[in-house]
């Protein structure tokens with residue numbers, strides 16, 4: 001899949017909108033993919049025919065590798081940095097504000113922003129091997145933008161563990177026990193069967209009831225528009241540091 005082009009696709013069936021994203025670099029998230037994801041989620045949130053949103057990525061081994069290192073390397077000033085990290089804020093806020101449940105299909109590893117997507121989802125179903133890592137500190141920044149979503153879902157203790165020990169992978173079972181994943185299955189077949197069962201059930205549930213439940217579940221996050229912008233400002237500044245630039249260059253050289 002290395003030569004394929006990145007995309008965000010939306011498919012509809014029986015009141016269920018499935019939003020799938022792909023990037024040839026381990027489903028990383030450049031600005032255009034982030035913008036397309038936010039736009040698709042917002043559109044399906046407003047679509048009266050959509051009762052449920054499923055968020056998934058293509059491929060098998062990696063759900064999402066987080067921020068695009070190519071784009072991080074290209075940031076030369078704080079304004080560009082803010083604009084890039086606001087892309088993650090837009091996706092998280094789109095999920096938060098959508099009056100529909102967002103179910104995440106996690107078929108592989110989650111890194112940085114990928115953990116943020118899983119945490120922002122209302123319900124995440126994963127497979128064994130979907131290990132997680134918040135690697136931002138090792139890059140010279142921190143999980144500032146995704147942090148509120150991760151802390152909300154896992155609690156401060158687990159969030160701090162992921163944040164401070166930034167090079168350490170946590171197992172999918174650790175993620176399930178700490179609340180990131182609602183379900184963990186042995187393989188993709190089991191995961192997909194469970195997603196199908198839940199989606200069919202929810203597609204026949206009351207849209208009004210689900211909308212009111214989502215309001216309750218996200219109560220206390222009304223300030224996130226401002227909060228995530230503040231956090232994006234911090235990341236946008238730190239990514240310009242010599243530490244960050246050296247790490248990104250070393251990473252890209254090693255990958256090459």
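Summary table
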read-out: Counted residues, the stretch 219-237 - those being surrounded by 19 or more Cβ atoms within 10 Å (Cβ to Cβ) and over 11 Å from residue 89 (Cα atoms); value: 2
read-out: Helices (runs of 4 or more DSSP H) contained in the stretch 107-169 and holding at least 3 residues within 21 Å of residue 182 (Cα to Cα) and more than 12 Å from the chain's Cα centre (by Cα); value: 147-154, 156-164
read-out: Count of the stretch 203-244 residues which are farther than 23 Å from residue 31 by Cβ and not in a helix (DSSP H, G or I); value: 9
read-out: Subset of the stretch 139-173 [touching a residue at least 40 places away in the same chain (Cβ under 8 Å), more than 21 Å from residue 217 (Cβ to Cβ) and either surrounded by 16 or more Cβ atoms within 10 Å (Cβ to Cβ) or touching a helix residue (DSSP H, G or I) at 6+ places or on another chain (Cβ under 7 Å) (or both)]; value: 139, 140, 141, 142, 144, 162, 172
read-out: Test set (1) in contact with a strand residue (DSSP E or B) (Cβ under 8 Å, 6 or more places away or on another chain); (2) under 12 Å from residue 218 (Cβ atoms); (3) in a helix (DSSP H, G or I) - residue 102 fails condition number; value: (3)
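A short reminder: the numbers here are calculations on the coordinates, not readings from a lab. Keep in mind that this is a model prediction, so the values were computed, not measured. Note that we place each Cβ from the backbone using ideal geometry, even for glycine, and neighbour counts take in every protein chain shown.
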